[in-house]
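Each remark here refers to the structure printed beneath this line.
Every read-out reported here was derived from the displayed coordinates using simple, explicitly stated rules and does not represent laboratory data. Nothing here was measured: the structure is a model prediction, and the numbers come from that model. Quick reminder, even Gly has a Cβ in these numbers, built from the backbone with ideal geometry, and neighbours come from all protein chains shown.
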Amino acid sequence: MDNKTIENIAKQISDSMPAGVKEVADNVEQRVKQTLQTQLSKLDLVTREEMDVQQQMLLRLRERVVQLEQQLAEKDSQTDKD
């Protein structure tokens, strides 16, 4: 989760507070941001870019497996003919 999203979540929380509490909203918003960042960093999440790279690698591996299965099937059929 990027910093912009975290800031938006923290802002929504502070904006939803009653008017009397708005005086401490800045402090609360900062604490919420810090807490979210700390907790999210513990989750060991991957970025969208990292996920996209992994998906591309998986796609290439699947294609390679299909190719190798076809080659193996061809060799098996040649062996059966002999």
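With unit charges on the beta carbon (Lys/Arg positive, Asp/Glu negative), name the residue among Leu59, Val32, Leu43 whose Cα is farthest towards the positive pole of the charge dipole of the chain.
Comparing the listed Cα positions along the dipole, Val32 ranks first.
Only one of the values (i) 5.5; (ii) 7.8; (iii) 8.5 was calculated from this structure for mean projected area of the Cα convex hull in nm²; name its label.
(ii)
Where the centre of each part is set by its Cα atoms, how far does region 28-47 sit from region 1-16, in angstrom?
Spelled out, the Cα-based centre of one part sits 11 Å from the other.
Only Cα pairs under 8 Å and at least 6 apart count here; give the relative contact order of the chain as a rounded whole percent. Intermediate results must be reported in sequence, preceding the final value.
Details: 21 pairs, mean separation 21.2, N = 82.
Relative contact order, the chain: 26 percent.
Under 14 Å Cα-Cα from Lys4, which aspartates and glutamates qualify once same-chain neighbours fewer than 8 residues away are excluded?
Glu29
Quick one: angle between helix 48-81 and the longest Cα principal axis of the chain, in degrees between 0 and 90, rounded to 10, please.
Taking Cα atoms only, the helix is inclined about 10 degrees.
With a sphere of radius 15 Å drawn around the Cβ of Thr47, what net charge do the other residues whose Cβ falls strictly inside it have (Lys, Arg +1; Asp, Glu -1)?
Working: positive: Lys4, Arg48; negative: Asp2, Asp44, Glu49, Glu50, Asp52.
So the surrounding residues net to -3.
Taking K and R as +1 and D and E as -1, what net charge do the other residues with C-beta under 12 Å from the C-beta of Leu58 add up to? It would help to have the intermediate numbers written out before the result.
Details: positive: Arg60, Arg62, Arg64; negative: Asp52, Glu63.
Net charge around Leu58: +1.
May I ask for the angle, rounded to the nearest 10°, between helix 3-15 and the longest principal axis of the chain, with both axes built from Cα atoms and the value confined to 0 to 90°?
40
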